[in-house]
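J.: First the structure, which I've put down as structure tokens, then a few questions once you've had a look.
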Amino acid sequence: MDSTWAPFVDSPHIPVMLREVLAALGPVAGETYIDGTLGAGGYTRAILGAVDCRVVAIDRDETAHGRAKDWAPAFGDRLILVHNTFGNVRECVSKPVDGFVLDIGVSSMQIDQAERGFSFRFDGPLDMRMDQGSGESAADIVNNMEETDLANLIYTYGDERQSRRIARAIVDARGQTPIISTGQLASIIRATVPRKSKDDIDPATRTFQALRIAVNDELGELERALAASEHILAEGGRLVVVTFHSLEDRIVKNFMKERSGDVPSPSRHLPVMAVAENAPTFILQNRKPVEAQDDEVSINPRSRSARLRCAIRTAAPAWPVPDVTKRKGRS
Ligand SMILES: C[S@@+](CC[C@H](N)C(=O)[O-])C[C@H]1O[C@@H](n2cnc3c(N)ncnc32)[C@H](O)[C@@H]1O
């Protein structure tokens, strides 16, 4: 095994694409970085361990901060832990920083704790809130959302072609008794769209993913963080984003392409677009996403679907911030 992961062999979460993240971020002594997704601290610890720099580490999950208490003191005042969402990153720093890294999604710890309700592999309360207790839970959505909206949500965020049948079955089931556990929901889905072969993924996979994305407004959070990155990064600052889902990767790709001016030339027959009016705020570092290498995939299969994109902040002023209101996949 590459020594990159040696410090994490006993960690409940193996950091994904750590070599590539460090290469893209290129930590320099004296600089300050934001890790928007602290998790088990894989990126944060590696960045702080690489050079004498500072890291502001954000996580919306209080348990990530609780776990960090074991190792954070070793870094003294070089590490600042912030309990917030990365969509609110502008509230978390008082001056421009040299890098902003995001590792989108849930951690292995969150998935493996039955009581958090993220997984159909364990029976637990149907919750899925990363910041426990605030906002709608998955059970709230499943028990209250109108059938068509539920089908649209499962289709849009889960890429689930059987979304209408699943939504119908959920509405029928909740008419009998409220759906309050992951086991209940998984059974309803499995009974509605049985596995075709034993090699198929669990039929509940896509619906659970869709609910998690909706409960945590994951796409809205990503859009807010990207828009904020223009404001918090100093000239030369690096934006590094690792995603695991095609919807997320598309958001990052489109943002970086647009903000770097990498868009098709507007036709002279069309009105001048807003894109043409704003100077590029980023320089794209890779047109195609970077993927995990085979040696990493063999020790951490989760890394197979990871995509890393990176862009460097120019000196151009930030573009007007779009109004990214909370989305719920009800389109
Ligand atoms: C994939 S894990 C990060 C793992 C981390 N890179 C490591 O190596 O240990 C994602 C973490 O980001 C947090 N998270 C997800 N969305 C967030 C958001 N919008 N704001 C802040 N934290 C978020 C989750 O609670 C989770 O702890």
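The values are calculated or read from the model by the stated rules, or taken from the named source; none is laboratory data. Model, not experiment: these values are computed from the prediction. Heads up, the Cβs are rebuilt from the backbone with ideal geometry, glycines too, and the neighbour counts pull from every protein chain shown. Ligands, DNA and RNA are stripped out before the accessible areas are found, and what is left, the full protein with its side chains, is counted by its heavy atoms. Shrake-Rupley method; radii C 1.70, N 1.55, O 1.52, S 1.80 Å.
J.: I'd like the full set of residues that are open to solvent by 30 Å² or more (accessible area, probe 1.4 Å) and farther than 15 Å from F100 by Cβ, limited to segment 301-313.
T.: P301, R302, R304, S305, R307
J.: What residue, of T192, T182, is outside the structural domain of I104 (by TED's automatic domain parsing), surrounded by 22 or more Cβ atoms within 10 Å (Cβ to Cβ) and over 18 Å from the mean Cα position of the chain (by Cα)?
T.: Exactly one of T192, T182 is outside the structural domain of I104 (by TED's automatic domain parsing), surrounded by 22 or more Cβ atoms within 10 Å (Cβ to Cβ) and over 18 Å from the mean Cα position of the chain (by Cα), namely T182.
J.: So which residues in segment 213-244 are on the phi > 0 side of the Ramachandran plot and either in contact with a helix residue (DSSP H, G or I) (Cβ under 7 Å, 6 or more places away or on another chain) or within 11 Å of the ligand (Cβ to nearest atom) (or both), if there are any at all?
T.: Result: D217, single match.
J.: Name the helices (runs of 4 or more DSSP H) wholly within segment 1-114 that hold at least 1 residues that are more than 13 Å from the ligand (Cβ to nearest atom), open to solvent by 10 Å² or more (accessible area, probe 1.4 Å) and under 22 Å from C310 (Cβ atoms)?
T.: Of the helices (runs of 4 or more DSSP H) lying wholly inside segment 1-114, those with at least 1 residues that are more than 13 Å from the ligand (Cβ to nearest atom), open to solvent by 10 Å² or more (accessible area, probe 1.4 Å) and under 22 Å from C310 (Cβ atoms) span 18-25, 42-50.
J.: Filter segment 220-237 down to the residues that are touching an Asp or Glu at 6+ places or on another chain (Cβ under 8 Å) and surrounded by fewer than 23 Cβ atoms within 10 Å (Cβ to Cβ), then identify the one that is farthest from S94 (Cα to Cα).
T.: Going through the qualifying residues, I end up with G236.
J.: Working only within segment 118-153, note down all residues that are open to solvent by less than 20 Å² (accessible area, probe 1.4 Å) and more than 14 Å from the ligand (Cβ to nearest atom).
T.: S119, G124, L126, S137, A138, A139, I141, V142, M145, L150, A151, L153
J.: Among the residues of segment 9-53, what is the count of those that are more than 21 Å from the chain's Cα centre (by Cα) and either of a type in the set (F, W, Y) or modelled with pLDDT under 95 (or both)?
T.: Qualifying residue count, segment 9-53: 2.
J.: Which helices (runs of 4 or more DSSP H) sit wholly inside segment 119-236 and have at least 3 residues that are of a type in the set (K, R)?
T.: Those helices (runs of 4 or more DSSP H) span 163-176.
J.: Taking D159, is it within 15 Å of the ligand (Cβ to nearest atom) and out of contact with any strand residue (DSSP E or B) (no Cβ under 8 Å at 6 or more places or on another chain)?
T.: no
J.: Counting just the residues of segment 253-300 that are assigned to a loop (DSSP other than H, G, I, E, B), within 24 Å of V16 (Cα to Cα) and modelled with pLDDT under 95, which one comes out most open to solvent (accessible area, probe 1.4 Å)?
T.: R287
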